[in-house]
Every structure is written in structure tokens, then in C-alpha cells.
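Here is the structure we will look at.
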Amino acid sequence: MRYSACRLTDEQRTILRLHVEEEMSFSEIGKALGDKAPSTAKRRFDAALDALRSGVSARCGDIGAIQPG
């Protein structure tokens with residue numbers, strides 16, 4: 001998983017960390033990223049999860065059952 005996380009952009013890693021570890025809302029993340037709309041933060045979070053899944057899946061097999069929170 002660490003390998004897959006290394007392949008994410010800085011922004012993707014930041015958004016994942018803020019939402020998962022810091023438990024920030026998408027509204028709070030949007031503000032932290034420079035007044036982005038909550039929907040933009042959510043879309044970017046979803047894209048980061050997709051990128052993470054595809055990287056892990058390529059190395060470890062299908063993990064499609066994991067759903068975003």
C-alpha cells in the first residue's frame with residue numbers, strides 16, 4: 001500500500017490525509033486547499049481513492065469491495 005500511496009500526487013495524499021486522519025469535512029478541506037467547493041474536494045478525494053485502489057489492485061489483486069466512507 002505504501003508503494004501505491006507514493007504514486008499519488010501531493011494533493012491526493014493531502015486530501016486523503018485530511019479526510020481520513022484529520023477527519024476534516026469536504027467543506028473544511030476545500031477551504032484548506034484555497035476556497036475550493038466541497039464538491040471539488042469530494043471529487044478529488046474519490047479520484048485519489050480510485051488511484052490508490054488501482055495501484056494496490058495491480059500489485060495485490062482485485063480490491064473492488066472496498067468502498068469510500
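Since GLY69 meets every condition but one in (1) part of a helix (DSSP H, G or I); (2) open to solvent by 70 Å² or more (accessible area, probe 1.4 Å); (3) at pLDDT below 70; (4) not charged (D, E, K, R), which condition does it not meet?
(1)
Looking at the structure I just gave you, is ARG59 assigned to a helix (DSSP H, G or I), open to solvent by 70 Å² or more (accessible area, probe 1.4 Å) and modelled with pLDDT under 95?
Spelling it out, ARG59 is indeed assigned to a helix (DSSP H, G or I), open to solvent by 70 Å² or more (accessible area, probe 1.4 Å) and modelled with pLDDT under 95.
Among the residues of the stretch 17-35, what is the count of those that are closer than 17 Å to LEU49 by Cα and of a type in the set (Asp, Glu)?
Final tally of qualifying residues: 3.
The values are calculated or read from the model by the stated rules, or taken from the named source; none is laboratory data. Because the structure is predicted, anything quoted here is derived from the model rather than measured. These accessible areas exclude ligands, DNA and RNA; they are computed on the full protein's heavy atoms, side chains included. Shrake-Rupley method; radii C 1.70, N 1.55, O 1.52, S 1.80 Å.
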